[in-house]
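J.: Have a look at this one before I ask anything.
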Amino acid sequence: MRLDIYCQDRVGITVQILSVLEQRGWDLTSVEMFRHHAFVLINEPSLTLATVSEAILTVEGVLSVTRPDLLPSERRRKHLDALLSKLPDPIVDINEHGDIMAANRAATEAFAQITDELEGKNIGKLIDHSLAEILKGNAIEASCAGKLYLLDVTQVLSERRVTGAVIVFRSPQRLGQEIAAMQAQKGENIDSMIAKSQKMKTITQQTQRFALLDLPVLIRGETGTGKELLARALHEFGPRAKQPFLAINCAALPENLLESELFGYAAGAFTGAQRGGKPGLVELADKGTIFLDEIGEMSVYLQAKLLRFVQDLTFRRIGGTSEMTVNVRIVCATHQDLALMSQNGRFREDLFYRLNVLSLNLPPLRERREDITALVKHFALNASKQINLECPTFSKGALNLLSNSPWPGNIRQLQNVIFRTLALTDKAVIDAQDICLATGEAQTPHQSDIEQVTSLDETMDELEANLLRTLFVQHPSTRKLAKRLGVSHTRISRKLTKHGII
C-alpha cells in the first residue's frame with residue numbers, strides 16, 4: 001500500500017510517523033521524505049486505508065493520509081523509461097562493477113538473443129572490452145549480438161570518483177543517417193529540378209525510372225551542371241529514400257585520406273588513428289546510397305579497391321583483418337570522358353563498365369537555354385530570402401543578356417551572378433546594365449579602358465584576378481587550377497587568397 005502523508009513541517013514528526021508503523025509491526029519497504037509530505041510503501045495486503053489512517057493521524061501535525069498511484073521515485077522512473085524508450089539507440093547504465101542498473105527498450109530488443117533480462121547482468125556479457133577500458137569514458141568500438149557498434153561512454157562521477165557509466169550503442173547505419181541529415185540540402189529532390197527544355201525533361205524522366213532500379217548510375221556533366229542534385233534526386237525518389245545518402249568528392253582529398261574516408265580503418269592502423277578505429281562512408285551508408293563525385297580523379301590504386309567493393313559489396317578496413325559486407329547503392333559523377341581515359345590507361349576499363357550500368361548525361365547550360373529564365377527566378381527568390389529583400393523582377397533585356405551569355409561555369413556560375421547582382425542593387429526591376437557579369441569573366445580591355453590605365457602593376461593584377469575568377473569556375477579546386485596553369489598548388493592558393501576568390 002502506497003501512502004502520501006500530508007503533515008506540518010516540524011522537527012521529529014517523521015520519526016514519530018515511522019515509530020507508529022513500527023509499533024504495529026507493519027512491513028515498511030520504502031520511505032521518501034519531502035517537505036510537508038512523507039511517502040511510504042507498506043507491504044501488508046490485508047490492511048485498509050481507514051486502519052492505517054486512524055493510526056497515523058494520532059501523530060500531532062499529520063493533516064491527512066491518502067493513497068497515491070505511485071511514489072515520487074516510481075513516477076520519475078516511469079517518465080525516464082518513457083523518455084529512454086523513444087531513443088532509437090540502445091542505452092545501458094552500469095555501476096562501477098560493470099553491473100547493468102538500467103537499460104532502455106532499444107537495448108532490450110537489440111540484445112535479446114544474449115539475455116532475456118539486462119538489468120543485473122554484467123556488461124562483460126555484452127562486450128569483450130575490460131571494465132577499466134569502458135570506465136575511462138572513451139569512445140570505443142565493439143561487436144555485440146553479431147553487430148558492430150560505436151560505444152559512446154559517459155562517466156558517472158561522484159566526488160571525483162568514477163561510480164559508473166552510461167553507454168550509448170551507436171550503429172554505423174544510425175551514424176550514417178545523422179551525417180546524411182546534416183549533409184542534406186532542403187528542397188533538393190526530383191521536384192526541385194527545373195526542366196523547361198526538352199533535354200532536361202528527358203533527364204527528369206530517366207531519373208525517375210532509374211531511381212527505382214537498384215543498379216549503379218554514372219552521371220556525366222560539366223562542372224556546375226548539378227550532378228549532386230541529380231544524385232540526390234535518384235536517392236530521394238527510390239526505395240532507399242529513408243536511408244543515408246552520403247557524398248564525397250574524390251578530387252578533394254589525397255589518396256590516403258580518401259581511402260580511409262571511404263573504407264575506414266581499424267584500431268591502431270596508423271599513427272594518429274582514432275582510438276578504436278573509424279567506420280568509412282561505405283559502412284555508414286549501409287542500406288542507403290553513396291555518391292562518389294569526380295570519380296575520374298580517383299587514383300588507379302583506389303580504383304582497384306573500389307572495383308572489388310563494387311563486385312560483391314565487401315571490403316576490409318585499412319589495417320583490418322576481417323571482411324565486412326554492406327548493402328549500398330553506388331552513384332558516381334564525373335566531368336571527364338571515362339571511356340577515353342580507359343583507352344589511355346588512366347581509368348580501369350573493368351571498373352568503368354561496372355559503374356556505367358545506367359548513365360545520365362547532364363547538358364551544359366548553353367544547351368538548355370530554355371531553362372535559364374526559370375533558373376533566374378528561382379535563384380533570385382532564394383537570394384532575396386537570404387538578404388531579406390523583396391524579390392525583384394528582371395526586365396526583358398536582362399533576361400536576354402542572361403540567356404545569351406556563354407556560362408562556362410554553368411548553373412553554379414549563373415547562381416553566383418544572380419546572388420551578386422541582388423546583393424549590389426536594391427532595384428525592384430533588374431535591367432541588363434545591373435547584371436554583374438564582368439566580375440566573373442575575363443575581359444579584354446577596350447580602347448577607352450586602355451586610356452584610363454595609369455599603373456602597369458595594377459592593370460596586371462586586375463587581369464590576373466579576372467583570369468583566375470574565370471578559370472576557377474571551370475576548375476574549382478586549387479590543385480586542378482594549378483595543373484591547368486602549369487604552376488604550383490601553393491602559388492595558386494596564394495593568388496586566389498590575394499584576390500579574395502577563396
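J.: Being exposed (fewer than 14 other Cβ atoms within 10 Å of the Cβ) and of a type in the set (Val, Ile, Thr) narrows it down to one of Ile140, Ile134, Ile114, so name that one.
T.: Ile114
J.: Here's something else I'd like to know. Can Leu213 be described as part of a helix (DSSP H, G or I) and either modelled with pLDDT of 90 or more or in the same structural domain as Lys136 (by TED's automatic domain parsing) (or both)?
T.: No; evaluated as a whole, the condition is false for this residue.
J.: Among the numbered criteria (1) at pLDDT 85 or above; (2) surrounded by fewer than 13 Cβ atoms within 10 Å (Cβ to Cβ), which single criterion is violated by Asn95?
T.: If we test Asn95 against (1) at pLDDT 85 or above; (2) surrounded by fewer than 13 Cβ atoms within 10 Å (Cβ to Cβ), just (2) comes out false.
J.: Something else now. Among the residues of the stretch 1-41, what is the count of those that are among the hydrophobic types (A, V, I, L, M, F, W, C), part of a loop (DSSP other than H, G, I, E, B) and surrounded by fewer than 12 Cβ atoms within 10 Å (Cβ to Cβ)? Quick ask: steps written out before the conclusion?
T.: Residues of the stretch 1-41 that are among the hydrophobic types (A, V, I, L, M, F, W, C), as a first pass: 1, 3, 5, 7, 11, 13, 15, 17-18, 20-21, 26, 28, 31, 33-34, 38-41.
Narrowing further to those that are part of a loop (DSSP other than H, G, I, E, B): 1, 11, 26.
Within this subset, residues satisfying the condition of being surrounded by fewer than 12 Cβ atoms within 10 Å (Cβ to Cβ) are 11.
Of the residues in the stretch 1-41, 1 are among the hydrophobic types (A, V, I, L, M, F, W, C), part of a loop (DSSP other than H, G, I, E, B) and surrounded by fewer than 12 Cβ atoms within 10 Å (Cβ to Cβ).
J.: Please enumerate the residues belonging to the stretch 42-60 that are assigned to a loop (DSSP other than H, G, I, E, B) and either surrounded by 13 or more Cβ atoms within 10 Å (Cβ to Cβ) or among the basic types (Lys, Arg) (or both). Steps first, answer last, please.
T.: Here is the first cut: in the stretch 42-60, the ones assigned to a loop (DSSP other than H, G, I, E, B) are 43-48, 57-60.
Of everything in the stretch 42-60, those that are assigned to a loop (DSSP other than H, G, I, E, B) and either surrounded by 13 or more Cβ atoms within 10 Å (Cβ to Cβ) or among the basic types (Lys, Arg) (or both) turn out to be Glu44, Leu47, Leu57, Val59.
J.: Would you pick out the residues in the stretch 365-389 that are of a type outside the set (A, V, I, L, M), surrounded by fewer than 19 Cβ atoms within 10 Å (Cβ to Cβ) and under 24 Å from Ala233 (Cβ atoms)?
T.: Arg366, Glu367, Arg369, Glu370, Thr373, Lys377, His378, Asn382, Lys385, Gln386
J.: Cβ contacts < 9 Å: first residue without any contact (Cβ under 8 Å) to a residue 40 or more places away in the chain, restricted to the stretch 73-91; second residue among the charged types (D, E, K, R), any location; separation 6+ or different chain. Result?
T.: Hits for this filter: Glu74/Arg2; Arg75/Asp69; Asp81/Arg105; Leu84/Arg105; Ser85/Arg105; Lys86/Arg105; Leu87/Arg105.
J.: For the condition free of Cβ contacts under 8 Å to residues at least 12 places away in the same chain and part of a loop (DSSP other than H, G, I, E, B), what is the one hit in Asn327, Asn388?
T.: Details: Asn327 fails: free of Cβ contacts under 8 Å to residues at least 12 places away in the same chain.
Checking each option against the conditions leaves just Asn388.
J.: Can you pull out the residues in the stretch 1-30 that are in contact (Cβ under 8 Å) with a residue 12 or more places away in the chain and out of contact with any strand residue (DSSP E or B) (no Cβ under 8 Å at 6 or more places or on another chain)? Please lay out each step first, then the result.
T.: Step one: filter the stretch 1-30 for residues in contact (Cβ under 8 Å) with a residue 12 or more places away in the chain, giving 1-10, 13-14, 16-18, 20-21, 24, 26-30.
Correct list: Asp9, Arg10, Gln16, Val20, Arg24.
J.: Scan the stretch 109-129 for residues that are modelled with pLDDT under 85 and polar (S, T, N, Q) and jot them down.
T.: Passing the criteria: Gln113, Thr115.
J.: Would you point out the residue of the stretch 146-161, among those that are hydrophobic (A, V, I, L, M, F, W, C) and surrounded by 14 or more Cβ atoms within 10 Å (Cβ to Cβ), that is modelled with the lowest pLDDT? Don't jump to the end; show me each part of the working.
T.: Keep residues of the stretch 146-161 that are hydrophobic (A, V, I, L, M, F, W, C), which gives 148, 150-151, 153, 156-157.
Add one more test, that the residue is surrounded by 14 or more Cβ atoms within 10 Å (Cβ to Cβ), and what stays is 148, 150-151, 153, 156.
Values: Leu148: 77, Leu150: 81, Leu151: 84, Val153: 87, Val156: 87.
It comes out as Leu148.
J.: Still on this structure, I have one more. Being closer than 28 Å to Pro392 by Cβ and assigned to a helix (DSSP H, G or I) is the filter; apply it to the stretch 429-464 and report the residue that is modelled with the lowest pLDDT.
T.: Gly440
J.: For a quick check of your reading of the model, give me the residue pairs whose first member lies in the stretch 473-502 and is small (Gly, Ala, Ser), whose second is loosely packed, with under 15 Cβ neighbours inside 10 Å, with beta-carbon atoms closer than 8 Å and at least 6 apart or on different chains.
T.: Short answer, once both residue conditions are applied: Ala482/Ser488; Ala482/His489; Ala482/Arg491; Ser493/Ile502.
J.: For the stretch 313-323, how many residues are over 26 Å from the mean Cα position of the chain (by Cα) and in contact (Cβ under 8 Å) with a residue 12 or more places away in the chain?
T.: Our first condition is that a residue be over 26 Å from the mean Cα position of the chain (by Cα); within the stretch 313-323, this holds for 321-322.
If we keep only those that are in contact (Cβ under 8 Å) with a residue 12 or more places away in the chain too, we end up with 321.
Number satisfying all stated conditions: 1.
J.: Among the residues of the stretch 334-357, is any in a helix (DSSP H, G or I), within 31 Å of the chain's Cα centre (by Cα) and of a type in the set (D, E, K, R)?
T.: Yes: the stretch 334-357 contains one or more residues that are in a helix (DSSP H, G or I), within 31 Å of the chain's Cα centre (by Cα) and of a type in the set (D, E, K, R).
The values are calculated or read from the model by the stated rules, or taken from the named source; none is laboratory data. Quantities reported herein were computed from a predicted structural model and do not represent experimental measurements. Glycine gets a Cβ as well: all are built from the backbone with ideal geometry, and neighbour counts include every protein chain shown.
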